[in-house]
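A short write-up of the structure that comes next.
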Amino acid sequence: MKLLVLLSRFPFPLDKGDKLRAYHQLRYLARHHEICLFCLSDEEVSAAAYAAVRPLCVGGLHVQRLRRPGIARNMAQALLQGLPLQVGYFYDTRVQRRLDALIREFQPQHVYCQLIRMAHYVRTYAGRLPMTLDYMDVFSTGMLRRADQSSWAQSKVYGHEGRSLLAYEAAAFDWFQSHIIISEQDRQLIEHPRREEIRIVRNGIDTDFFKPRAVPKTYDILFCGNMSYHPNVDAVEFLALEILPLVRRTHPAARLLIAGTTPAPRVLALASEAVTVSGWIDDIRDAYAAARVFVAPMRVGTGLQNKLLEAMAMELPSVTTPLANNALHGRPGQDLLVGESAAELADGISSLLTNTELAARLARQGRTFVQEHYNWEVSANQLESLFEGVKASG
């Protein structure tokens, strides 16, 4: 099948959740399909990144650079047109013309669009081309949750954007014949009467790559991720400022490692004798291997936490919140520990630092859990089945 894939970011390196999902889906889909990748980038793409992705795209690789002056102009236009700023950031009429020309030339048999921020580029092809939309997770809910936690002025901006996204997510549904999303929890947040038609396609985990390492433990607690992403910033502030002090009442020497790309100023400010902020790590497995317990105290955001899959695959006993586990579907007390308040999360961490038998059992069961439930090949097979069953209605 000639498959046109539309992405809002270049899918390498794997430093963001959408890039991770896209890259591994491309890797498996490329075995049976002629993929033409059309993606945007608001930063320079390295030669190493091109080298990692180009072999997967025998139908062509097209990268459209978005630059700051144009982004600002496009967001202003989106605001005037009543579109979400999330859409305006990525939508450019110059890029639209190039995509239209590519569609005429490549003549895809199916269009696979990741995230609603790219849906605007193919809205005029509704009914004319077989198309699938990957919502991945629900931006509107993430923005509305952020509004609830913000100052009065910020809450007005985030609230407006959240409501705009909510309407846009529903409108975009009707442009595509098929739709996928990362979890049942996210599907129920789509405000469309036919949302039950959205298929759940989970992420996977490469358990040959993410596997246990027998190395000395230099940190007690680990959090990792894109450290400029608001849900991660909120979670790590919660961890460092509220949870860690409670843990240190029983474990005074407990140390926290915050690892991940582009730490925001608020994250850098958390550094102390007890807290290390590493920034980018070439091999994130080094961070997982160096820690005794992984903690993902997510309070806002949507979707699946890939960081939990990676930690559990490396047999790192994990603690998280109901918000994150509702998407993961781990069994509390068997695959991982779950708590909501700072005290509950601190108790879970302390119990794992104290009870080595409990920590070892959760570590083993956590890896078994992700091996059984999160598989990239299974996800890709679900996508292929969906593509083959979709026909243009026009």
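The values are calculated or read from the model by the stated rules, or taken from the named source; none is laboratory data. Everything quoted here is computed from the prediction, not taken from an experiment. A quick note on method: Cβ atoms are made from the backbone with ideal geometry, for glycine too, and the neighbour counts reach across all protein chains shown.
Worth a mention:
- Some residue of segment 335-356 being surrounded by fewer than 20 Cβ atoms within 10 Å (Cβ to Cβ), at pLDDT 95 or above and farther than 20 Å from LEU256 by Cα: no
- Pairs with Cβ under 6 Å, 6+ apart, first in segment 226-251 and outside the structural domain of ILE281 (by TED's automatic domain parsing) and touching a residue at least 40 places away in the same chain (Cβ under 8 Å), second of a type outside the set (A, V, I, L, M, F, W, C) and surrounded by 19 or more Cβ atoms within 10 Å (Cβ to Cβ): none
- Meets criteria (assigned by TED's automatic domain parsing to the domain that holds LEU256 and under 19 Å from the mean Cα position of the chain (by Cα)) for ALA327: yes
- Scope segment 31-83; condition part of a strand (DSSP E or B) and on the phi > 0 side of the Ramachandran plot; matching residues: GLY60
- Selection count where residues are crowded, with 18+ Cβ neighbours inside 10 Å and touching a Phe, Trp or Tyr at 6+ places or on another chain (Cβ under 7 Å), scope segment 33-48: 3
- When the residues of segment 187-241 are filtered to those that are part of a helix (DSSP H, G or I) and basic (Lys, Arg), the one that is nearest to the chain's Cα centre (by Cα) is ARG187.
- Pairs with Cβ under 6 Å, 6+ apart, first in segment 320-331 and in contact (Cβ under 8 Å) with a residue 24 or more places away in the chain, second surrounded by fewer than 22 Cβ atoms within 10 Å (Cβ to Cβ) and outside any helix (DSSP H, G or I): THR321/GLU340
- Taking the listed residues LEU29, LEU56, the one that is of a type in the set (A, V, I, L, M), under 15 Å from HIS110 (Cα atoms) and under 22 Å from the mean Cα position of the chain (by Cα) is LEU29, with no other qualifying.
- GLU372 vs. criteria under 19 Å from the mean Cα position of the chain (by Cα), surrounded by fewer than 18 Cβ atoms within 10 Å (Cβ to Cβ) and more than 27 Å from PHE139 (Cβ to Cβ): no
- Within segment 265-282, considering residues that are modelled with pLDDT of 95 or more and assigned to a loop (DSSP other than H, G, I, E, B), the one surrounded by the most Cβ atoms within 10 Å (Cβ to Cβ): LEU270
- Filter result (more than 19 Å from LEU7 (Cβ to Cβ) and either in contact (Cβ under 8 Å) with a residue 60 or more places away in the chain or in contact with a Gly (Cβ under 8 Å, 6 or more places away or on another chain) (or both)) within segment 86-118: GLN107
- Selection of segment 74-111 for residues being hydroxyl-bearing (Ser, Thr, Tyr) and in contact with a helix residue (DSSP H, G or I) (Cβ under 7 Å, 6 or more places away or on another chain) yields TYR89, TYR91.
- In segment 301-328, the qualifying residues are those that are outside any helix (DSSP H, G or I) and at pLDDT below 95, and the one that is nearest to PHE223 (Cα to Cα) is GLN305.
- Among residues that are polar (S, T, N, Q) and either at pLDDT below 95 or closer than 29 Å to ALA259 by Cα (or both), GLN96 is not included.
- Qualifying residues in segment 283-301 (those that are farther than 25 Å from ALA147 by Cα and of a type in the set (Val, Ile, Thr)) - the one surrounded by the fewest Cβ atoms within 10 Å (Cβ to Cβ): ILE284
- Restricted to segment 302-317, and to residues there that are touching a Gly at 6+ places or on another chain (Cβ under 6 Å) and buried (at least 23 other Cβ atoms within 10 Å of the Cβ), the residue that is nearest to GLN185 (Cα to Cα) is THR302.
- Comparison of ALA52, ALA78 shows that the only residue that is of a type in the set (A, V, I, L, M) and surrounded by fewer than 19 Cβ atoms within 10 Å (Cβ to Cβ) is ALA52.
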